[in-house]
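Structure first, commentary second.
The values are calculated or read from the model by the stated rules, or taken from the named source; none is laboratory data. As the structure is a prediction and not an experimental result, all values here were calculated from the model. No Cβ is skipped: glycine too gets one built from the backbone with ideal geometry, and neighbour counts run over all protein chains shown.
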Amino acid sequence: MKVLILCTGNSCRSQMAHGFLQSFDSAITVCSAGTEASGKLNQKAVQVMKEIGIDISSHTSDPVEKYLNDEWDYVITVCGGANESCPTFIGRVKNRLHIGFDDPSHAVGSDEFIMSEFYRVRDEIQNSFYDFYLKNIKHAS
């Protein structure tokens with residue numbers, strides 16, 4: 001089973017989703033990419049994942065072009081905001097899904113509020129991707 005998770009910057013939401021999905025089942029090949037890959041991970045995303053035992057610090061922020069020639073069972077976009085354009089993937093894909101989330105890196109306010117947004121989005125990603133896993137991957141195996 002091969003899953004590609006797409007976002008714009010590939011620094012935060014797609015990286016958290018990648019970490020969760022891989023933690024649910026190590027037999028799944030999971031990659032993530034962005035249409036405008038930032039080239040680095042959001043350190044707050046790394047921190048909130050590490051706090052629950054998932055280390056994404058070695059992940060890389062890759063451009064979607066790296067994966068265009070591969071075949072995928074699922075390509076999932078995670079861009080959520082109305083002002084954000086989600087990437088379109090035109091590669092060989094069996095299933096395309098959109099599971100959108102707010103971008104916590106756009107949160108403004110106190111440090112406490114910003115971190116609360118990272119926790120909220122992390123937990124939403126965990127719940128949504130676990131549901132996806134149970135319904136589409138575990139069920140299929």
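When you check D73 against the structure, is it in a strand (DSSP E or B) and surrounded by fewer than 19 Cβ atoms within 10 Å (Cβ to Cβ), yes or no?
yes
For the stretch 37-68, which positions are in a loop (DSSP other than H, G, I, E, B) and in contact with a strand residue (DSSP E or B) (Cβ under 8 Å, 6 or more places away or on another chain)?
Listed by number, the residues that qualify are A37, H59, S61, D62.
Examine the stretch 49-69 for a residue that is exposed (fewer than 15 other Cβ atoms within 10 Å of the Cβ), under 22 Å from A107 (Cα atoms), within 15 Å of the chain's Cα centre (by Cα) and polar (S, T, N, Q), and state whether such a residue exists.
yes
Do we have K94 as over 17 Å from C7 (Cα atoms) and either modelled with pLDDT under 95 or touching a Leu at 6+ places or on another chain (Cβ under 7 Å) (or both) here?
Answer is yes for this residue.
Could you please find all residues in the stretch 1-56 being more than 22 Å from I90 (Cβ to Cβ) and in contact with a His (Cβ under 9 Å, 6 or more places away or on another chain)?
Across the stretch 1-56, the qualifying residues are Q15, G19, L41, V46, I56.
Sort out which residues of the stretch 5-27 are in contact with an Asp or Glu (Cβ under 9 Å, 6 or more places away or on another chain) and either surrounded by fewer than 24 Cβ atoms within 10 Å (Cβ to Cβ) or part of a helix (DSSP H, G or I) (or both), and write them in order of number.
T8, G9, R13, G19
If we keep just the residues of the stretch 97-113 that are part of a helix (DSSP H, G or I) and buried (at least 16 other Cβ atoms within 10 Å of the Cβ), which is modelled with the highest pLDDT?
Going through the qualifying residues, I end up with P104.
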